[in-house]
Every structure is written in C-alpha cells, then in structure tokens.
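Taking it in order: structure first as structure tokens, then the write-up.
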Amino acid sequence: MQSSRHRNARKGTAEIARPGLRFAAMSEDHSADRARLLALVPADGSAVGNTALIRQLGWAENRYWYARDSLLEAGVIVRAKGRGGAVRPMRFSQQR
C-alpha cells in the first residue's frame, strides 16, 4: 500500500493519505501537545471528560489519545470516572 505525506505547518501534524484511509500523524515533538492538553485539565482536581477535551482541542482522536496516554504514563494525570472516560490531575487523585 503506497502512502503520501503532506505537511500541515499550521497544526504541526502530517496528514497521511492511503486509499480509503486518512489520518493525522503526530509531529516529532509531542511536548507541545501534552502541554496544551494539560492546560485544559482543571487545576482544582475535578475530572474532565475525554470527549470534551477532544472537542475543545479540535484534534483527531489518535492525536488526543497519544498525548493523553503519555501524560498517564508520566503520572501527570490519572483516569477518572465519566461517560467516555475522564482524567484529572494526579496530585488530587489521592484526596478523593
């Protein structure tokens, strides 16, 4: 299967197009995505839904899940209960 790659400088992603498939691939530096996602997680420790974050960021789902999962692995955020899943800052998870 042959693919073509187009750089989208404004969003910092590359779009990969294959017959019948098109998705955004992550840029080399993911720290900006992680910082942008973390800025939307409430500092008061309340949970925010994954779906709400995806909508607010305006990202493709794979881009969101990659950034979210790397923040989870780093211990910066934790999973929370919510329809479609949710996250909250790590420092508040032991208090609840």
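Specify the residue that is surrounded by the fewest Cβ atoms within 10 Å (Cβ to Cβ); the eligible residues are those in segment 44-96 that are acidic (D, E) and in a helix (DSSP H, G or I). Talk me through it step by step, then tell me what you get.
Taking segment 44-96 and keeping what is acidic (D, E), we get 44, 61, 69, 73.
Those still in the list that are in a helix (DSSP H, G or I) too: 61, 69, 73.
Working: E61: 12, D69: 11, E73: 9.
Residue satisfying both the conditions and the ranking: E73.
Taking segment 36-76, which residues are in contact with a Phe, Trp or Tyr (Cβ under 6 Å, 6 or more places away or on another chain) and closer than 12 Å to R88 by Cβ?
Result: G45, single match.
Within segment 33-86, track down each residue that is of a type in the set (A, V, I, L, M) and at pLDDT below 95. Even if it seems obvious, please write down each step before you answer.
Applying the first criterion (of a type in the set (A, V, I, L, M)) to segment 33-86 yields 35, 37-41, 43, 47-48, 52-54, 57, 60, 67, 71-72, 74, 76-78, 80, 86.
A43, the sole residue that qualifies.
What pairs come up if the first residue lies in segment 34-55 and is without any contact (Cβ under 8 Å) to a residue 40 or more places away in the chain, the second is part of a loop (DSSP other than H, G, I, E, B), and their beta carbons are under 6 Å apart, counting only those six or more places apart or on different chains?
G49/G82; G49/G84; N50/G84; N50/G85; T51/G84; L53/L40
The values are calculated or read from the model by the stated rules, or taken from the named source; none is laboratory data. Quick caveat: nothing in here was measured; it's all calculated off a predicted structure. Positions of Cβ are backbone-derived with ideal geometry, glycine not excepted, and every protein chain shown enters the neighbour counts.
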